[in-house]
Amino acid sequence: GDSVTQMEGPVTLSEEAFLTINCTYTATGYPSLFWYVQYPGEGLQLLLKATKADDKGSNKGFEATYRKETTSFHLEKGSVQVSDSAVYFCALSDLGNTDKLIFGTGTRLQVFP
Amino acid sequence: EAQVTQNPRYLITVTGKKLTVTCSQNMNHEYMSWYRQDPGLGLRQIYYSMNVEVTDKGDVPEGYKVSRKEKRNFPLILESPSPNQTSLYFCASRLTGSSTDTQYFGPGTRLTVL
């Protein structure tokens, strides 16, 4: 079945460092891909999405490109801030009529001043 | 403000005592889902609904019930909770069933079953 694999956390960075969180997927067909962020004590917020191959999603300085050839959707940010500390989830949309998002296990990012 | 709301946010209960977690959305979305989040497992879908009176099982439906009598509400019912249902629960809604649509999540309900 479809699945999402994310790099293990926690990822620990200093402020202004470059961030990459790896995400690869397995899917039949061409799903949409999403990054959600969960700040401490809060629900999930959509960070960015891409709906077809070679699309780049971007928001708040974060970017991810839908790479069909490598089945990847890696999250990047050029300069992280302490306020970016959160758990990041990569997800793909099930193409059946199930309303389901298939999530990775999440990657915790900790940014220190 | 467009949002998904859940109540309660925190709940501690005992084995076997029936409980309901409410979910409501004000965006006129057709699709709604319930997920549970467990450490190391990410989020897994429990049940979903495509519209009023239309519901179906997700990946982990055992021990749960849902209903969709109104478009805006999608309560999650645990008729006889057990400790393995201790988890963080999220309700979500989406405008249509299109895979390109964004799912919007509620703030979560942290449930502890003793």
Inset, instruction - Give me the pairs, please: first residue somewhere in segment B:1-12 and more than 9 Å from B:Arg110 (Cβ to Cβ), second residue anywhere and in a strand (DSSP E or B) and open to solvent by 80 Å² or more (accessible area, probe 1.4 Å), beta-carbon distance under 8 Å, and either six or more positions apart or on two chains. - result: B:Ala2/B:Tyr104; B:Gln3/B:Tyr104; B:Val4/B:Tyr104
Inset, instruction - Scan segment B:23-80 for residues that are within 12 Å of chain A (Cβ to nearest Cβ) and of a type in the set (Asp, Glu) and jot them down. - result: B:Glu30, B:Asp38, B:Asp56, B:Asp59
Inset, instruction - Please enumerate the residues belonging to segment A:41-57 that are open to solvent by less than 70 Å² (accessible area, probe 1.4 Å), closer than 16 Å to B:Leu43 by Cα and without any contact (Cβ under 8 Å) to a residue 24 or more places away in the chain. - result: A:Gly41, A:Gly43, A:Gln45, A:Leu46
Legend entry - Residue among B:Gln37, B:Gln25 that alone is surrounded by 14 or more Cβ atoms within 10 Å (Cβ to Cβ), at pLDDT 95 or above and within 20 Å of B:Thr102 (Cα to Cα): B:Gln25
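Is it the case that B:Gln6 is within 15 Å of the chain's Cα centre (by Cα) and open to solvent by less than 10 Å² (accessible area, probe 1.4 Å)? Break it down stepwise before answering.
Values: within 15 Å of the chain's Cα centre (by Cα): yes; open to solvent by less than 10 Å² (accessible area, probe 1.4 Å): yes.
Criteria met by B:Gln6.
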Legend entry - Looking only at segment A:62-93, and only at residues there that are over 18 Å from A:Leu19 (Cβ atoms) and surrounded by 23 or more Cβ atoms within 10 Å (Cβ to Cβ), the one that is modelled with the lowest pLDDT: A:Ser93
Inset, instruction - Test B:Gly97 against the stated conditions and say whether it is assigned to a loop (DSSP other than H, G, I, E, B), open to solvent by less than 50 Å² (accessible area, probe 1.4 Å), at positive phi and not hydroxyl-bearing (Ser, Thr, Tyr). - result: no
Inset, instruction - Filter segment A:81-111 for residues that are out of contact with any strand residue (DSSP E or B) (no Cβ under 6 Å at 6 or more places or on another chain), more than 9 Å from chain B (Cβ to nearest Cβ) and in contact (Cβ under 8 Å) with a residue 40 or more places away in the chain and give the result. - result: A:Gln81
Legend entry - Evaluation of B:Thr102 against (1) open to solvent by less than 60 Å² (accessible area, probe 1.4 Å); (2) at positive phi (one fails), failing number: (2)
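The values are calculated or read from the model by the stated rules, or taken from the named source; none is laboratory data. Predicted model only: the values in this text are computed from it and were never measured. Backbone-built Cβ (ideal geometry, glycine too); neighbour counts: all protein chains shown. Calculation scope for accessible area: heavy atoms of the full protein, side chains included, ligands and nucleic acids excluded. Shrake-Rupley method; radii C 1.70, N 1.55, O 1.52, S 1.80 Å.
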